[in-house]
Amino acid sequence: MAKLYFNYSSMNAGKSTALLQADHNYRERGMKTVLFTYKEDNRYEENMIVSRIGLKKIATPFSTTTDLYEQVKKRNKIEMINCVLIDEAQFLSKDQVKQLGYIVDKMNIPVLTFGIRTDFQGELFEGSKYLLAWADNIKEIKTVCWCGRKATMVVRVDKEGNILKKGKQIEIGGNDKYIPLCRSHFNSEELN
């Protein structure tokens, strides 16, 4: 029985690495996968899932208007799809999370999503909110704060390393803009 999975963490926990490893496991067994990544995330290469340890794979880009169910349905008619993998799942819309549920429930294809739970202000992303509500299986991928505790939050910093408290929710960036922190250091705004 297929399930909808949500694997979440703060920054720098290895979400993309875990996604690419899962893809490799399916493909190594001769199974077909479909990979999606957020269209606006072109930090490394356009339409690529890239991990910080150097693994990468081409993926189909999605925006908030992409009908994921229809895309998978079309591909599944051409060749049987065994798994759908979504990177940057926090950027999914509520409707897209519903579509992922349809892929699982109507097509019996497992969907593995990977994303960040909260933004730099401690607020849930829309995609994360509905994945937390509707996923069959939720797993935290752990990373650490500078103090050694589990990092559950993330802060956005400017070029000088100052914490930013305001701004639009979605701003693509990596280690240059975001730092994972434990809740205590997120609340006290201590970077080290």
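Listed here are the residues, each with its yes/no results for (1) out of contact with any strand residue (DSSP E or B) (no Cβ under 6 Å at 6 or more places or on another chain); (2) more than 27 Å from GLU123 (Cα to Cα); (3) aliphatic (A, V, I, L, M).
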{"residue": "ASN7", "(1), (2), (3)": "no, no, no"}
{"residue": "GLN21", "(1), (2), (3)": "yes, yes, no"}
{"residue": "VAL34", "(1), (2), (3)": "no, yes, yes"}
{"residue": "GLU40", "(1), (2), (3)": "yes, no, no"}
{"residue": "GLU45", "(1), (2), (3)": "yes, yes, no"}
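Kindly indicate the residue of the range 127-161 that is acidic (Asp, Glu) and part of a loop (DSSP other than H, G, I, E, B) and also nearest to the chain's Cα centre (by Cα) among those meeting that condition.
Filtering the range 127-161 for residues that are acidic (Asp, Glu) and part of a loop (DSSP other than H, G, I, E, B), the one nearest to the chain's Cα centre (by Cα) comes out as ASP136.
Out of curiosity, is MET153 modelled with pLDDT of 95 or more and over 13 Å from ILE86 (Cβ atoms)?
Answer is no for this residue.
Can you run down the residue pairs with Cβ atoms below 7 Å, 6 or more apart or on separate chains, where the first is in the range 40-56 and more than 17 Å from LEU85 (Cβ to Cβ) and modelled with pLDDT of 75 or more and the partner is of a type outside the set (Gly, Ala, Ser) and not in a loop (DSSP other than H, G, I, E, B)?
ILE53/THR17
Quick check: anything in the range 3-24 basic (Lys, Arg), closer than 19 Å to VAL111 by Cβ and surrounded by fewer than 18 Cβ atoms within 10 Å (Cβ to Cβ)?
So far as the range 3-24 goes, yes, one or more of its residues are basic (Lys, Arg), closer than 19 Å to VAL111 by Cβ and surrounded by fewer than 18 Cβ atoms within 10 Å (Cβ to Cβ).
All but one of (1) surrounded by 13 or more Cβ atoms within 10 Å (Cβ to Cβ); (2) part of a helix (DSSP H, G or I) hold for ASN187, so report the exception by its number.
Condition (1) is where ASN187 drops out.
Please indicate, with yes or no, whether at least one residue in the range 129-151 is touching a Gly at 6+ places or on another chain (Cβ under 7 Å), more than 25 Å from ASN25 (Cα to Cα) and surrounded by 17 or more Cβ atoms within 10 Å (Cβ to Cβ).
No: zero hits.
So, in the range 162-186, how many residues would count as being more than 20 Å from SER128 (Cβ to Cβ) and either touching a helix residue (DSSP H, G or I) at 6+ places or on another chain (Cβ under 9 Å) or modelled with pLDDT of 80 or more (or both)?
Total meeting the criteria: 2.
Have a look at THR66, THR37, THR60, THR17 and point out the one that is of a type outside the set (A, V, I, L, M) and at pLDDT 95 or above.
Being of a type outside the set (A, V, I, L, M) and at pLDDT 95 or above holds for just one of THR66, THR37, THR60, THR17, which is THR66.
If I ask for residues that are farther than 16 Å from LYS98 by Cβ, surrounded by 11 or more Cβ atoms within 10 Å (Cβ to Cβ) and either in contact with a Gly (Cβ under 9 Å, 6 or more places away or on another chain) or of a type in the set (Phe, Trp, Tyr) (or both), which ones from the range 49-70 would you list?
At the first step, the residues of the range 49-70 found to be farther than 16 Å from LYS98 by Cβ are 49-61, 63.
Subset that is surrounded by 11 or more Cβ atoms within 10 Å (Cβ to Cβ): 49-52, 55-61, 63.
Across the range 49-70, the qualifying residues are SER51, ARG52.
Can you run down the residue pairs with Cβ atoms below 6 Å, 6 or more apart or on separate chains, where the first is in the range 63-86 and farther than 16 Å from LEU4 by Cα and the partner is surrounded by fewer than 16 Cβ atoms within 10 Å (Cβ to Cβ) and not hydroxyl-bearing (Ser, Thr, Tyr)?
GLU79/LYS32
May I ask you to verify whether PHE120 is buried (at least 23 other Cβ atoms within 10 Å of the Cβ), under 27 Å from VAL154 (Cβ atoms), under 16 Å from the mean Cα position of the chain (by Cα) and among the aromatic types (Phe, Trp, Tyr)?
Against the criterion (buried (at least 23 other Cβ atoms within 10 Å of the Cβ), under 27 Å from VAL154 (Cβ atoms), under 16 Å from the mean Cα position of the chain (by Cα) and among the aromatic types (Phe, Trp, Tyr)), PHE120 qualifies.
State the number of residues belonging to the range 119-133 that are free of Cβ contacts under 8 Å to residues at least 40 places away in the same chain and over 15 Å from ASP67 (Cα atoms).
So the count comes out to 5.
The values are calculated or read from the model by the stated rules, or taken from the named source; none is laboratory data. Not measured: the values here are computed from a predicted model. Counting neighbours? That spans all protein chains shown, and the Cβs are built from the backbone with ideal geometry, glycine included.
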